[in-house]
Amino acid sequence: MRCPYCGSEDSRVVDSREARDGAETRRRRECAGCSRRFTTYERVEEVPPSVVKRDGRREIFDRDKLLGGLVKACEKRPVPRRELQRIADLVEAELASREEREMSTEEIGNLVIETLRDLDQVAYVRFASVYRRFEDVNQFMEELRRLLLNREDTT
């Protein structure tokens, strides 16, 4: 740490303690060059997770926005709110586990769709129709056919 008095880069820590409810560490240092003491504060740099949109823009991940989409997809369906929270937790955990802390909307959508498919098929189709941007009834019907084929394969 550079001394604010003489500019020397050689200092030693004399005392350390938590500051601001543990969010920072306060350190008293003594300069090896001029023997003066100074205080530094250290905190973890938090990089908020971000979402890469289809057009390349980046936005900070908004859990409430994800939950809003899930609530709409599950409207009037017997899906407990805690399951929607669990899906949001799953997406957040995936984001947190990544070194770059970003995820494309495509990856998020696929993760949500796969989870919804097992949870509630109507909610799955609703979410998929918005996420995959179905343009017409034929695309919608094709997705339903795939869902029915998967259902028959598992029975």
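The values are calculated or read from the model by the stated rules, or taken from the named source; none is laboratory data. Note that this is a predicted model, so its numbers are computed, not measured. Here Cβ is always computed from backbone atoms with ideal geometry, including for glycine, and neighbour counts include all displayed protein chains.
Some notes on this structure:
- Residue count for the range 47-64 satisfying the condition of being in contact (Cβ under 8 Å) with a residue 12 or more places away in the chain, exposed (fewer than 15 other Cβ atoms within 10 Å of the Cβ) and touching a Lys or Arg at 6+ places or on another chain (Cβ under 8 Å): 2.
- Matching option when the condition is surrounded by fewer than 17 Cβ atoms within 10 Å (Cβ to Cβ), of a type in the set (Asp, Glu) and at pLDDT below 80, among Asp136, Asp89: Asp136
- Given (1) modelled with pLDDT under 90; (2) in contact with a helix residue (DSSP H, G or I) (Cβ under 9 Å, 6 or more places away or on another chain); (3) of a type in the set (A, V, I, L, M, F, W, C), index of the condition Ala19 fails: (2)
- Number of the exception - Arg17 against (1) assigned to a loop (DSSP other than H, G, I, E, B); (2) in contact with a Lys or Arg (Cβ under 7 Å, 6 or more places away or on another chain); (3) among the charged types (D, E, K, R); (4) exposed (fewer than 10 other Cβ atoms within 10 Å of the Cβ): (1)
- Among the residues listed as Leu67, Leu90, Leu116, Leu95, the single one being assigned to a helix (DSSP H, G or I), aliphatic (A, V, I, L, M) and without any contact (Cβ under 8 Å) to a residue 24 or more places away in the chain: Leu67
- Restricted to the range 98-121, and to residues there that are more than 22 Å from Arg146 (Cβ to Cβ) and modelled with pLDDT under 85, the residue that is surrounded by the fewest Cβ atoms within 10 Å (Cβ to Cβ) is Glu99.
- The residues of the range 20-46 that are surrounded by 10 or more Cβ atoms within 10 Å (Cβ to Cβ) and either in contact (Cβ under 8 Å) with a residue 40 or more places away in the chain or among the β-branched types (Val, Ile, Thr) (or both), listed by number, are Thr25, Thr39, Thr40.
- Per the conditions (1) without any contact (Cβ under 8 Å) to a residue 60 or more places away in the chain; (2) within 21 Å of the chain's Cα centre (by Cα); (3) assigned by TED's automatic domain parsing to the domain that holds Gln121, the sole criterion not satisfied by Lys76 is (2).
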